[in-house]
Amino acid sequence: MRPLILISALVWAGCAAETEPQPPPTDRFVYPSGIVHLPVSSDPSKQGALYVASANFDKCFDTGAVVALDLDNLGLPAIGAPVGDTPAEITDLKVGPESTVQIESFAGQMAVWKNEAGGKPRLFVPTRAEENFLHAIDIQDKTKLSCVDGQGSNCIVGALSLTRNIEGSQDDLPRAPAPLGVTVGQDGDQPDVWVTHVEAADSPARTSKNFQTYVVHLPDAGGGLSISKDNFIPLSSGGLSIGGAHATALGQKYVYVSGRAYVAGQASQFAGFLLRLIDRGNPSRILETNLGSIYTTLEARDVLVGGYDPVQDKERLYIVARGPDVLLVVDVLGAKSAQPRISVVNAVLLPGGASYATLIRRGAPEANDDIVAVTCTATTRIQGAVVLFDTRLGQIVAQVEDVGRQPYGIAVHHPSRTSSAETDKARLFVTNFGDGRVAVIDIPNLADPQGAELVAYLGKRQGRDEKQGTSTCEQQETEP
């Protein structure tokens, strides 16, 4: 009997271990993806707050998380201050219980609504786990987070599913599986939210038939979140081809949607489209740009609006594309007209794995005097880079190497100048999806971006199984 009792005890212990809760850690990031910076003060000496989404890609923990950091408490040097020969390693994030909330796993981009009416800012984070949620998180006070319609720090309870219980749906459509991109504009006193998804929805579900792709539009997302079929804008209206949608950018009249290749079922691959336009005044009107016939590339990733020239009615776009990896500089002529035209101004080759881009303004939006920062994951076997493109010069002027494994999201701290004598400067925060840290890059002088320098890392390095290329769930310490 004794061996049987021992075996039974071991089986019971194993079951207990499997069901033991594994909440996401608060002392480090786990596959960080989306990231947002807020100054939260008019004092340019203050560094503000940083909000980072942990994607929990290997599902080592029960959920993902959003963590808020008080940058003024972390010991970061001032922008442009002398640094050592190697970047500083800041592993104590000083995260309190009120500074983290739980979200579903596989977080994508993150966007913030700053609430021009003077209320609390709100974060929006899509996640690609089972329910394909859009999370809404209110920033109560710098690093104090609260879940919209959630319970305590659990934002999953009140999250909005983009694939389940869609009012008015028929034959499992509309749905938005694998939501990734999110953009927030201002619609009166309400956030105007646009969400993309990278996998097409089939109808009925799991049949690999009748595919459709949408952009989800939530024009009144300032209170609790709700959704119906009317919030889904089909991108294949008028017989246009199916394709995954990666990101959106809001222009004067149109929403610009970048298209990503996707695979349906086991065999069929659809290259889809590179760029489509949604008429903001009439969202059922979708315009195909046929950008792929002007410049041949496999797919688009991110898209930015640079500026608008009212004299020429021209809007400048920056599109991150892959296959080959390029930054496409595109002008939209007649940007407020019913029939806009596009023109490719430049195609700048990028390192491999180009992913995400953000804009750092140096002048007025119509001046075409900005810096575009782009993350690239594959400059070497394991390390990525951040590329800086000067829009005035029309070329890459700096490339910060060895940023980390798989750099993805970028947030910018661009402190306002208190006098004309001060140098315009900026600090970039870059999520390294593969090593679990946030890289800090300083541009001490935006007029001379060649001086960009990697100055610090935030968070503990994520342990990895080199054979699998993934993290090790039990690893808690930093790598040597």
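The values are calculated or read from the model by the stated rules, or taken from the named source; none is laboratory data. For clarity, every value in this text was computed on a predicted model and none was experimentally measured. Cβ sites come from the backbone with ideal geometry, for glycine too, and all protein chains shown count toward neighbours.
Below are the figures for this structure:
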{"item": "Single residue of Thr143, Thr207, Thr213 found to be under 30 Å from Gln22 (Cβ atoms) and among the β-branched types (Val, Ile, Thr)", "result": "Thr143"}
{"item": "Residue among Val198, Val193, Val184 that alone is within 16 Å of Gly244 (Cα to Cα) and touching a Phe, Trp or Tyr at 6+ places or on another chain (Cβ under 8 Å)", "result": "Val198"}
{"item": "Residue list for the stretch 190-218, restricted to those being part of a loop (DSSP other than H, G, I, E, B) and within 16 Å of the chain's Cα centre (by Cα)", "result": "Val198"}
{"item": "Which numbered condition Asp172 fails, given (1) surrounded by 15 or more Cβ atoms within 10 Å (Cβ to Cβ); (2) among the charged types (D, E, K, R); (3) closer than 25 Å to Phe57 by Cα", "result": "(3)"}
{"item": "Residue check, Gln109 at pLDDT 95 or above and part of a loop (DSSP other than H, G, I, E, B)", "result": "yes"}
{"item": "Of residues in the stretch 377-386 being part of a strand (DSSP E or B) and crowded, with 22+ Cβ neighbours inside 10 Å, the one farthest from the chain's Cα centre (by Cα)", "result": "Ala385"}
{"item": "Test result for Phe124, among the aromatic types (Phe, Trp, Tyr), at positive phi and in contact with a strand residue (DSSP E or B) (Cβ under 9 Å, 6 or more places away or on another chain)", "result": "no"}
{"item": "Residue in the stretch 279-289 that is more than 23 Å from the chain's Cα centre (by Cα), of a type in the set (Asp, Glu) and under 25 Å from Val198 (Cβ atoms) present", "result": "yes"}
{"item": "Yes/no for Gly353 being surrounded by fewer than 22 Cβ atoms within 10 Å (Cβ to Cβ), under 17 Å from the mean Cα position of the chain (by Cα) and closer than 20 Å to Val303 by Cβ", "result": "yes"}
{"item": "Among (1) of a type in the set (Lys, Arg); (2) modelled with pLDDT under 95; (3) closer than 15 Å to His37 by Cβ, the one test that Arg427 misses", "result": "(2)"}
{"item": "Residue in the stretch 65-73 that is closer than 22 Å to Leu225 by Cα and surrounded by fewer than 15 Cβ atoms within 10 Å (Cβ to Cβ) present", "result": "no"}
{"item": "Filter pass, Asn73 being on the phi > 0 side of the Ramachandran plot and without any contact (Cβ under 8 Å) to a residue 60 or more places away in the chain", "result": "no"}
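Let's see how each residue does on (1) surrounded by fewer than 20 Cβ atoms within 10 Å (Cβ to Cβ); (2) in a loop (DSSP other than H, G, I, E, B); (3) in contact with a Lys or Arg (Cβ under 6 Å, 6 or more places away or on another chain); (4) modelled with pLDDT of 95 or more:
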{"position": "Asn115", "(1), (2), (3), (4)": "yes, yes, no, no"}
{"position": "Gly118", "(1), (2), (3), (4)": "yes, yes, no, no"}
{"position": "Leu123", "(1), (2), (3), (4)": "no, no, no, yes"}
{"position": "Glu130", "(1), (2), (3), (4)": "yes, yes, no, no"}
{"position": "Leu134", "(1), (2), (3), (4)": "no, no, no, yes"}
{"position": "Asp149", "(1), (2), (3), (4)": "yes, yes, no, no"}
{"position": "Ile156", "(1), (2), (3), (4)": "no, yes, no, yes"}
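Yes/no matrix, rows are residues, columns are (1) surrounded by 21 or more Cβ atoms within 10 Å (Cβ to Cβ); (2) over 22 Å from Thr183 (Cβ atoms):
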position	(1), (2)
Asn282	no, no
Thr296	no, yes
Glu315	yes, no
Asp325	yes, yes
Leu328	yes, no
Val332	yes, no
Lys336	no, no
Arg341	no, yes
Asn346	no, yes
